[in-house]
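Trainee: Questions regarding the structure given below will be posed in turn.
Coordinate-derived values only; no laboratory data. Keep in mind the model is a prediction, meaning the values are calculated, not measured. Here the Cβ is made from the backbone with ideal geometry for all residues, glycine too, and neighbour counts use every protein chain on show.
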Amino acid sequence: MQATMTFKAFLRLVILGVLISGCSKEIMETNGERALVEADEKAAASSIAAGARKPATSQYITYTIQQGNHFCDQSTLKSVRTSEMKFMVVFDASAVYTTTNPVNQYDINKLWGFSEGFDNQYNSARFGWNWYNNALHLHAYVYNRGTRINQEIAVVLIGTEISCSIKVSGSSYVFAVNGTSITMSRGLSTSSASGYQQYPYFGGDEVAPHKISIKIRSL
């Protein structure tokens, strides 16, 4: 009788061990699958973040202002006739600078836009930019019959794609940056602007303190 009871007890232990082993394996497999899913999610999030930090710029043109210069290296004379100029821009770390005279830090550099006629200091509409207070600022920069007017539109991030547009609207220009828009007065009231392309330009009073590169894609 004692031997029979021992065998039964042993059999119960074997069965119990098999059940425990199966449950443990299932738990381990579940935990393993969960870990793989979490790893994939982290990798995907990292990839998305990297894409946001490093936008695809294969269709962009790089405009470079060399140290000591005002003008960029690509400024071919090009006529423009448009009712709306739209483009994307990406700034890199070269947009961070310090002027020799601290007062000039607030001077507005020119980014992109158009003249109306031959003289860009009589009638024109351009975006401007500058770096101060540890941030990159975009501005509307207009000449209205010889009077210069400018207004800040937005603070933007280095390394990201920024959507910009200038729309002609009667006697006004509508400037937009990433959906934020402001209206500036215009010296003319025609349905479209007719003049010349305006390119990146550093200054202000001072020249570029180092090489500055700006990527732009016209839309």
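Trainee: Between Ile158 and Glu84, what length comes free when the chain is fully extended (0.36 nm per residue of separation minus the Cα-Cα distance, one decimal in nm)?
Mentor: Length gained between Ile158 and Glu84: 24.1 nm.
Trainee: Over region 94-219, what number does the Rg to Rh ratio reach, with both radii from the alpha-carbon atoms and Rh per Kirkwood?
Mentor: Reported Rg/Rh (Cα atoms, Kirkwood Rh): 0.95.
Trainee: Now for a separate question. Arranged from highest to lowest average of other beta-carbon atoms within 10 Å per residue, in what order do the peptides 144-150, 125-131, 171-177 appear?
Mentor: 125-131, 171-177, 144-150
Trainee: Could you compute the net charge surrounding Ser83? Neighbours are other residues with a C-beta less than 15 Å from the C-beta of Ser83; K and R count +1, D and E count -1.
Mentor: +2
Trainee: Classify region 93-157 as rounded, prolate or oblate, taking a ≥ b ≥ c as the square roots of the eigenvalues of its Cα gyration tensor: rounded when a/c is under 1.5, otherwise prolate if a/b is larger than b/c and oblate if not.
Mentor: The shape class here is prolate.
Trainee: Taking 0.36 nm per intervening residue step and subtracting the Cα-Cα distance, what contour gain separates Tyr132 from Val207 on full extension?
Mentor: Roughly 25.4 nm would be gained on extension.
Trainee: When Lys and Arg each count +1 and Asp and Glu each count -1, what net charge do the other residues less than 13 Å away from Asn101, Cβ to Cβ, add up to?
Mentor: Computed value for this residue: -3.
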